[in-house]
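Asker: What follows is a single structure, and I will ask about it in a moment.
The values are calculated or read from the model by the stated rules, or taken from the named source; none is laboratory data. If you're wondering where the values come from, they're calculated on a predicted model, not measured in any experiment. Neighbour counts are summed over all protein chains in view; Cβ atoms, including those assigned to glycine, are modelled from backbone coordinates with ideal geometry.
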Amino acid sequence: MLFAMLPMSSPSLPVVEFKFESQGREWTVHQAGRRDGSEKQPLVVVLHGAGGRGDQYLTKNGWQALAEQEGFLCLAPTGQPAIRGAASNFRTNPNLWNSGQLNAISPRARVNDIGFLDDLLRHAVKNLNVDPARIYMTGHSNGAGMTWRYAAEGNVALSAIGPVMAPPWVMPTDKSRPVPVLAIYGLEDPLVPWNGGRRKNPWGTEQDMSPIVHELGKYAKGMGGRERGISPKMAGPVQRYEFGPLRGGAPFTALTIEGQGHGWPGGQASGLPASMTGPDTRHLDATAKLWDFFKKY
């Protein structure tokens, strides 16, 4: 695996980019946060949504600023495009993660993203002074689906995960290691409808979806938790469902946000029309909420 550090052009953004080779493919990874000192540091891996890039999620959703403030490292890789050898483009050749949602006969579904993330995490532990007992993963939409999948199938232990705006597309097996979970959803998300139903993604593909709470229950049950979440009534626009404890005592919580669409809660606007992604609210800062959750484990 080869990598080379390249400084970003803006001195006001302490983010670096490096090229990482895995399985004969070159992957772009953006890195932010503390990068020196002898003390081993926590790592948060941030996975973008379909059509996105790693650097967008560091800068637009607050991970870069929070990593500098709190003293942890962030890695935000960019997935491979749908068509290998062609330039990535949001509309015609989006960067994707093999979350288990892709058409199984498509070439992109044959890319081993679990193997890539295994390689990246092992590299981080070996070369970036990362504490192997404090590795966390989060993702948005397609990246959230990949987060669920890696927690179930990955070969490097995670300490906690935080999927945002996607159900699990791949369920755990009896070999999966339960990890603490905090998942976040918008109740006005047309792309991932909380109550299920027909949805149409930005590339025109339509799909029938089960209620998200059902998929969360199946995933939790596969790790020893509750199939039917307990939902105590809370004051305000944020409610929670508890599916834990999982085997070994790990918590499994899902938060729902009233009035929130598909965007990253508390982040900058994606640039897509609200008619496609739904409304944004300021009811929750997902980045701060997830880090508060991660650092407990």
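Asker: Which residues, counting only those in segment 30-60, are out of contact with any Asp or Glu (no Cβ under 8 Å at 6 or more places or on another chain) and either without any contact (Cβ under 8 Å) to a residue 40 or more places away in the chain or surrounded by fewer than 19 Cβ atoms within 10 Å (Cβ to Cβ) (or both)? Don't jump to the end; show me each part of the working.
Answerer: The first filter runs over segment 30-60 and keeps only residues out of contact with any Asp or Glu (no Cβ under 8 Å at 6 or more places or on another chain), leaving 35-39, 44-54, 56-60.
Of everything in segment 30-60, those that are out of contact with any Asp or Glu (no Cβ under 8 Å at 6 or more places or on another chain) and either without any contact (Cβ under 8 Å) to a residue 40 or more places away in the chain or surrounded by fewer than 19 Cβ atoms within 10 Å (Cβ to Cβ) (or both) turn out to be Arg35, Asp36, Gly37, Ser38, Glu39, Arg53, Gly54, Gln56, Lys60.
Asker: Would you mind listing the strands (runs of 3 or more DSSP E) fully within segment 138-202 where at least 2 residues are farther than 21 Å from Tyr241 by Cβ and basic (Lys, Arg)?
Answerer: Numbers: elements: 160-164, 181-186, 197-200.
Strands (runs of 3 or more DSSP E) meeting the threshold: 197-200.
Conditions tested, residue by residue: (1) closer than 28 Å to Thr277 by Cβ; (2) of a type outside the set (A, V, I, L, M).
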site: His30; (1), (2): yes, yes
site: Lys40; (1), (2): no, yes
site: Leu43; (1), (2): no, no
site: Gly51; (1), (2): yes, yes
site: Asn61; (1), (2): yes, yes
site: Thr78; (1), (2): yes, yes
site: Arg84; (1), (2): yes, yes
site: Pro107; (1), (2): yes, yes
site: Val125; (1), (2): no, no
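Asker: How many of the residues in segment 222-236 are at negative phi and in contact with a Leu (Cβ under 8 Å, 6 or more places away or on another chain)? Let's see the steps before the verdict.
Answerer: First, pick out the residues of segment 222-236 that are at negative phi: 222-223, 225-235.
Still in the running and in contact with a Leu (Cβ under 8 Å, 6 or more places away or on another chain): 223, 225, 229.
The qualifying residues number 3.
Asker: In segment 275-287, which residues are surrounded by 15 or more Cβ atoms within 10 Å (Cβ to Cβ) and either farther than 14 Å from Gly162 by Cα or among the hydrophobic types (A, V, I, L, M, F, W, C) (or both)?
Answerer: As a first pass, look at segment 275-287 and keep what is surrounded by 15 or more Cβ atoms within 10 Å (Cβ to Cβ): 277-278, 280-281, 283-287.
Result: Thr277, Gly278, Asp280, Thr281, His283, Leu284, Ala286.
Asker: Which of the following residues is under 20 Å from the mean Cα position of the chain (by Cα), modelled with pLDDT of 95 or more and surrounded by fewer than 23 Cβ atoms within 10 Å (Cβ to Cβ): Trp63, Trp27?
Answerer: Numbers: Trp63 fails: surrounded by fewer than 23 Cβ atoms within 10 Å (Cβ to Cβ).
Answer to the check: Trp27.
Asker: With respect to the numbered conditions (1) at pLDDT below 95; (2) over 22 Å from Gly49 (Cβ atoms); (3) surrounded by fewer than 16 Cβ atoms within 10 Å (Cβ to Cβ), which one is the sole condition not fulfilled by Gly229?
Answerer: Of everything listed in (1) at pLDDT below 95; (2) over 22 Å from Gly49 (Cβ atoms); (3) surrounded by fewer than 16 Cβ atoms within 10 Å (Cβ to Cβ), Gly229 misses just condition (3).
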